[in-house]
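Accompanying notes for the structure given below.
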Amino acid sequence: ELGQAIDDVAKDDHMRVLIVTGAGRGFSAGADQRREPGETGERVTRTAEQVRRGFEGAQRIILGLHKMEKPTIAMVNGVAAGGGFDIACACDIRIGSPNSRFLCAYVRIGLFPGWGGAWLYPRALGSVSKAAELLFTGDFLEAEEAYKYGLLTKLVPEDKLEEATMELARKIANGPPIAIRLAKMML
């Protein structure tokens, strides 16, 4: 559904900015690796081909955000873990509050960042070394440190997060759309 929504926004010439956020207390906890939809909780063994095909949806989302001509803003309203961290990093701009936390959870469950984290993190953080630390340890990156590294471009109080995000989105949307789209393409 998220991949389809991204496709729809990309095609809609009336939309000038996309804001991605989570419902509830968190941005995204990533995928539930414990069970398949409709299952009762037992671990499902997948073939290598099934795992490979599982990344097609991830690529649609991550590459859809990356290639979209319109600016994208991640309003990180809590924890962004695993694929959620990758989605936030695929956006052009990230705004958070002190409740924002980032976690490369893959190593904690014996996986690799198949949603693009190994490519995205060094670019979003501006540091290969910090990205490697997060990838190899599975430690949390707290909001203050995320801001220090430039992962978050704005760090605002929790009760001002939506207001600050909408203010920036309106400022971008009121700009010249062709120039902004070309600038994003050049980035």
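The values are calculated or read from the model by the stated rules, or taken from the named source; none is laboratory data. Please read these numbers as outputs of a predicted model, since none were measured by experiment. So basically every Cβ, Gly included, is an ideal-geometry build from the backbone, and we count neighbours across all protein chains shown. We work out accessible area using only protein heavy atoms, side chains counted, and drop any ligands, DNA or RNA first. Shrake-Rupley method; radii C 1.70, N 1.55, O 1.52, S 1.80 Å.
Of note:
- Residue list for region 116-133, filter: open to solvent by less than 70 Å² (accessible area, probe 1.4 Å) and of a type outside the set (G, A, S): L120, Y121, P122, L125, K130
- Checked against (1) open to solvent by less than 80 Å² (accessible area, probe 1.4 Å); (2) within 17 Å of the chain's Cα centre (by Cα); (3) not hydroxyl-bearing (S, T, Y), V107 passes all but condition (2).
- Hey, K70 modelled with pLDDT of 95 or more, over 18 Å from R25 (Cα atoms), open to solvent by 10 Å² or more (accessible area, probe 1.4 Å) and not hydroxyl-bearing (S, T, Y) or not: no
Yes/no per residue for (1) outside any strand (DSSP E or B); (2) over 12 Å from I19 (Cβ atoms); (3) open to solvent by 60 Å² or more (accessible area, probe 1.4 Å); (4) among the aliphatic types (A, V, I, L, M):
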{"residue": "K160", "(1), (2), (3), (4)": "yes, yes, yes, no"}
{"residue": "E167", "(1), (2), (3), (4)": "yes, no, yes, no"}
{"residue": "I172", "(1), (2), (3), (4)": "yes, no, no, yes"}
{"residue": "I178", "(1), (2), (3), (4)": "yes, yes, yes, yes"}
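- Any hit, region 49-64, residues being modelled with pLDDT of 85 or more, closer than 24 Å to E142 by Cα and under 15 Å from the mean Cα position of the chain (by Cα): yes
- Within region 1-32, the set of residues being among the hydroxyl-bearing types (S, T, Y) and under 18 Å from E167 (Cα atoms) comprises just one member, T21.
- Restricting F136, F102 to residues that are part of a strand (DSSP E or B) and either open to solvent by 70 Å² or more (accessible area, probe 1.4 Å) or more than 22 Å from A169 (Cα to Cα) (or both) narrows the list to F102.
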